[in-house]
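Read through the structure below, which is laid out as structure tokens, and then see the notes.
Read the figures in this text as sums done on the coordinates, not as results from a lab. Predicted model, so just to flag it, every value in this text is computed and none were measured. As a convention, Cβ positions derive from the backbone with ideal geometry for all residues, glycine included, and neighbour counts pool all protein chains shown.
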Protein chains: 2
Amino acid sequence: MISRDDVSTPALLLDLDRFERNLARMAAHVRAAGKQIRPHAKTHRCPEIARRQIAAGALGVACAKLGEAEVMAGAGVRGLLITTEVVPPGSVRRLMTLIAGAPDTMVVVDNAENVRALAAAAAEHGVVVNALVDVHVGARRTGVEPGAAALALARLVAGARALRLGGLQGYAGQCAHVMGWKERRAASLAAMTPLMETRALLEREGLPVEIVAGGSTGTYDIDVELGGLTELQAGSYCVMDVDYRRIGGRGGEMLTDFEMALTVVATVVSVAPDRAMVDAGLKAFSTDKPFPPEAVERPGIEYGFAGDEHGRLTPRDPDRAPRLGERIEFFPPHCDPTFNLYDRVHVVRGSRVEAVWDIAARGRSD
Amino acid sequence: MISRDDVSTPALLLDLDRFERNLARMAAHVRAAGKQIRPHAKTHRCPEIARRQIAAGALGVACAKLGEAEVMAGAGVRGLLITTEVVPPGSVRRLMTLIAGAPDTMVVVDNAENVRALAAAAAEHGVVVNALVDVHVGARRTGVEPGAAALALARLVAGARALRLGGLQGYAGQCAHVMGWKERRAASLAAMTPLMETRALLEREGLPVEIVAGGSTGTYDIDVELGGLTELQAGSYCVMDVDYRRIGGRGGEMLTDFEMALTVVATVVSVAPDRAMVDAGLKAFSTDKPFPPEAVERPGIEYGFAGDEHGRLTPRDPDRAPRLGERIEFFPPHCDPTFNLYDRVHVVRGSRVEAVWDIAARGRSD
């Protein structure tokens, strides 16, 4: 048996008990709400996690990129939705190959030129491409404007012989991290309303809308209020992170509906009176948030980034100064880009490493 | 022939002409200064780059971590110096295996307990560990205090049968990015002086000091003024980045002694009147600096991070609005953690991809 303490540091650890409870809670939530979930695999990029999400009732997984979807499909995961438009000609060809092997794969579109390119490639390759119209709901990222523009694009998709209109997607990323549940609820329902209106418009015009996908971990218990939404795309709920925990939940100042299941374990490799250095720096944690990693049940220290490979622990309690060789776990600020730094995740139950899962789609942003 | 425009995006590109000139310039510089260089491989984690640095005259490469050194040694690279203390018992065992295969490998030490552990393990494994005393020169990272404390630790190393005292290391990371060459020169010479004094102290006490290692790309033409320094550890010079370019050089407001040889190529995947989205976000670029990636010879746009997989281009010139499918290259803010996001780097000369090099030590922070 390999112990949690035997893993070389820095390493990514997944607490299996917490992870399993997170999956079960989300499954019960969407079931009770009469919705579905296609969790975002960009969070973890790990086929084994995707398989477990599907075993817990998910429809499949959303993939941020084609490359991520190729890895998931290669690992036997089905029910894929690629949530970024596939545009370069070489990528469109790869998409056709992917769909030939995994025909239920869906893509999103927000541009007529891209729709025509997909239609031509699909016809040439003898496949049918399932497409959702990506509707802009305020994140200022991708998506066609709701209403008439979305309708026009949906008609283009529906009219192309080698395309199949599956419905709509709208990701209101600007709402995911709004602090405070009430404020977040107001923001998300307002942002998503035009998507629901677009759904109604398409249906009035006789276009099929089987799927309306959206939502995040921050709005998982908000967007289910939307009658027109069919499936959530939340990703981070499976492991959580400091960023999502601090946005607050329905019941309190922290979002504790899902448990913090992901940590990075580091070792103290140098000690001095005013500091101790751990072997985990900005190649071991995401650095895109304005707050640092947080020590897990290890009071008396504060972590600060100190270069590629080092974190500086400032001792706050003279009785609990870090010792040379001490192992300390930290919650990463942001789970998605932290997963993306590691080739594997060590899966622990208590003190025991039960498995090592490949983060096989790591780096596959292409 | 694969063209630069055929590479799936986002991808990491290395401009071979610029890279080769950077290597030649640094080689000429250290030769003229009567010094040596053991470039930091943490910048690139790529054995092929290490081999080319050594072919250009480098003594070997510095590795931030044991895991990085294991990959380099496995690829046949010799002359390794591991610049972070190797502390956990499992890592100490791995180090002995590494040294058995690559006996000229060096480590750094800053703690008596660690020295004793290394000495015991080396004796047990029948190897000799070459060690430099890591001296704290103000970076508040690793290192024993200069002077008496460093001397005592050097004595401990010199007195251990299975250890061999190679000399000293001092990394003044706080000076590497001081803005303005004169200010940086003053800061670095002041910071490094105690290291030189420690060298003199050890020599007076009869301890051998063959190597005194230190310096960065920011101080490459400053630290060579230090008579007692024997080798530089600069890393970023081989490809440069936005961060190092902006610190200024001896001759001007930008550090242009080395050329910007590393880019990330991205594709525009969505366009709207007020924005265009590229497929490269915070999984495609380092995010540890307070400034964004910089478009290369592509005026009229400004890049902003917009999530894991997206960058938002704000058009600043209506005549040069990004087009769907347009490929745009960006200089990454910080080269080291950007290399660490990619499994490979595409090596280009003009429009032609000449090679694809594995970033084989990517993720090997352990």
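Where in the range B:260-296 is the amide nitrogen less than 20 Å from a point lying 7 Å along the Cα-to-Cβ axis of A:Ala152?
Correct set: B:269-277.
What whole-number value in cubic angstrom gives the convex hull volume per residue for the C-alpha atoms of the range B:60-149?
Enclosed volume per residue, from the Cα hull, is 92 Å³.
The range A:264-361: Rg/Rh from Cα coordinates, Kirkwood Rh?
Working: Rg = 13.8 Å, Rh = 14.1 Å.
A ratio of 0.98.
Residues of B:327-336, mean number of Cβ from any other protein chain within 10 Å of their own Cβ, rounded to a whole number? Each step should come with its number before you reach the end.
Values: counts 1, 0, 0, 0, 0, 0, 0, 3, 0, 5.
That average works out to 1.
Going toward the positive end of the dipole of the range A:227-354, with +1 on Lys and Arg Cβ and -1 on Asp and Glu Cβ, which of A:Val345, A:Ile247, A:Pro315 do you reach last?
Most positive-ward Cα: A:Pro315.
Would you mind counting up the charge near A:Arg21? Only other residues with Cβ under 10 Å from its Cβ, with Lys and Arg at +1 and Asp and Glu at -1. Don't skip to the end; give the middle numbers.
Numbers: positive: A:Arg18, A:Arg25; negative: A:Asp15, A:Asp17, A:Glu20, A:Glu259.
Taking every other residue near A:Arg21 into account, the sum is -2.
Which order do A:His177, B:His44, A:His310 fall in if you start with the one that has the fewest other Cβ atoms within 10 Å? All intermediate terms of the calculation are to be shown ahead of the outcome.
Working: A:His177 16, B:His44 29, A:His310 25.
Taking fewest neighbouring Cβ atoms as first place, the list is A:His177, A:His310, B:His44.
Compute the semi-axes of the equivalent ellipsoid of the range A:104-261, taking the square root of 5 times each eigenvalue of the Cα gyration tensor, and list them largest first in whole Å. Present the calculation step by step, with values, prior to reporting the outcome.
Working: eigenvalues 205, 53, 28 Å².
Equivalent ellipsoid of the range A:104-261: 32, 16, 12 Å, largest first.
Kirkwood-based Rg over Rh for the range A:1-143 (C-alpha set), two decimals? Write out the running numbers ahead of the final one.
Numbers: Rg = 17.6 Å, Rh = 16.8 Å.
Across the range A:1-143, the Cα-based Rg/Rh ratio is 1.05.
For the protein assembly as shown, compute the number of Lys pairs whose alpha carbons are separated by less than 24 Å, excluding pairs fewer than 8 positions apart on the same chain.
Taking the protein assembly as shown as the scope, the lysine pair count is 24.
Just to confirm the numbers: A:Gly147, label point 7 angstrom along the Cα-Cβ line, distances to the other copies in nm, shortest first?
7.4
Just want the ordering: B:Leu201, B:Leu168, A:Leu255, from fewest to most Cβ atoms lying within 10 Å of their own Cβ.
Values: B:Leu201 18, B:Leu168 30, A:Leu255 24.
Ranking B:Leu201, B:Leu168, A:Leu255 by Cβ neighbours within 10 Å, fewest first, gives B:Leu201, A:Leu255, B:Leu168.
Quote the charge dipole size of the range A:16-238 about the Cα centre in Debye, to the nearest 20; the model charges only the Cβ of Lys and Arg (+1) and of Asp and Glu (-1).
Details: 25 positive and 21 negative charges, 78 e Å.
Computed about the Cα centre, the dipole is about 380 debye.
Taking the axis that carries chain B onto chain A, what is the nearest Cβ in chain B, and at how many Å, to the whole number?
Checking which Cβ lies nearest the axis yields B:Thr287, 2.
Along the Cα-to-C-beta direction of B:Ile2, a point sits 7 Å from the Cα; which residues of the range A:85-106 have their amide N less than 18 Å from that point?
Residues A:88-95 fall inside that zone.
Could you size up the charge dipole of the range A:150-252 around its Cα centre, putting +1 on the beta carbon of Lys and Arg and -1 on that of Asp and Glu, and report it in debye to the nearest 20?
On the way: 11 positive and 11 negative charges, 19 e Å.
With only Lys, Arg, Asp and Glu charged at Cβ, the dipole is about 100 debye.
With each run of n ≥ 4 DSSP H residues scored as -39500 (n - 2.57), what mean residue ellipticity at 222 nm is computed for chain B after dividing by its residue count and rounding to the nearest 500 deg cm²/dmol? Let's see the in-between values first.
Numbers: 10 runs with 112 residues, N = 366.
Computed ellipticity for chain B at 222 nm equals -9500 deg cm²/dmol.
Can you give the average number of partner chain beta-carbon atoms within 10 Å of each beta-carbon in peptide A:243-250, as a whole number? Intermediate results must be reported in sequence, preceding the final value.
Working: counts 0, 0, 0, 0, 0, 0, 0, 0.
Other-chain Cβ atoms within 10 Å of each residue's Cβ, averaged: 0.
From Cα pairs below 8 angstrom and at least 6 apart in sequence, can you work out the relative contact order of the range B:17-239, rounded to a whole percent? Mind dumping the intermediate values first?
On the way: 436 pairs, mean separation 42.9, N = 223.
It rounds to 19 percent for the range B:17-239.
Under the Kirkwood approximation applied to all pairs of distinct alpha-carbon atoms, what is the hydrodynamic radius of chain A in Å? If you can, show how the numbers build up before the last one.
Numbers: mean 1/r = 0.0466 Å⁻¹.
Answer for chain A: a Kirkwood hydrodynamic radius of 21.5 Å.
Give a quick list of GluC sites (Glu not before Pro) in the range A:189-247 that DSSP marks as loop, anything other than H, G, I, E or B, with at most 14 other Cβ atoms within 10 Å. Each step should come with its number before you reach the end.
Values: sites: A:Glu197, A:Glu203, A:Glu205, A:Glu210, A:Glu225, A:Glu231; in loops: A:Glu205, A:Glu210.
Listed in order of number, the matching sites are A:Glu205, A:Glu210.
How many angstrom lie between the C-alpha centres of the range A:312-363 and the range A:37-67?
The distance from the Cα centre of the range A:312-363 to that of the range A:37-67 comes to 22 Å.
In nm, what does the list of distances from B:Ala28 to its counterparts in the other copies look like, shortest first, when each label sits 7 Å along Cα to Cβ?
Values, ascending and in nm: 7.1.
Please work out the Cα convex hull volume for the protein assembly as shown and give it in Å³ per residue. Please report the intermediate quantities before stating the final value.
Details: hull volume 111.4 nm³, N = 732.
Convex hull volume per residue, Cα atoms: 152 Å³.
Which of the listed residues, B:Ser270, B:Met192, B:Met260, is farthest toward the dipole's positive end in the range B:183-275, when Lys, Arg count +1 and Asp, Glu count -1 at the beta-carbon?
B:Ser270
Before anything else, pin down the relative contact order of the range A:227-366: Cα pairs under 8 Å, at least 6 apart, normalised by residue count, whole percent.
Details: 265 pairs, mean separation 31.7, N = 140.
Dividing the mean separation by the residue count of the range A:227-366 yields 23 percent.
Which loop-located trypsin sites (Lys or Arg not before Pro) does the range B:156-187 contain, where loop means any DSSP state but H, G, I, E or B and the Cβ has at most 14 other Cβ atoms within 10 Å? Let's see the in-between values first.
On the way: sites: B:Arg161, B:Arg164, B:Lys182, B:Arg184, B:Arg185; in loops: B:Arg161.
In loop regions of the range B:156-187 (DSSP not H, G, I, E or B), the sparsely surrounded trypsin sites (Lys or Arg not before Pro) are B:Arg161.
Going by C-beta contacts inside 10 Å, put A:Ser3, B:Ser188 in order with the fewest on the left.
Lowest count first: A:Ser3, B:Ser188.
With axes computed from alpha carbons, what is the tilt in degrees of helix B:181-204 against the longest principal axis of chain B, rounded to the nearest 10 within 0 to 90?
Roughly 20 degrees, rounded to the nearest 10.
Assign unit charges at the C-beta atoms only (+1 for Lys and Arg, -1 for Asp and Glu), then state the dipole size of the protein assembly as shown relative to its Cα centre in Debye, rounded to the nearest 20. Could the numbers behind the result be given before it?
Details: 86 positive and 92 negative charges, 94 e Å.
My answer is approximately 460 debye.
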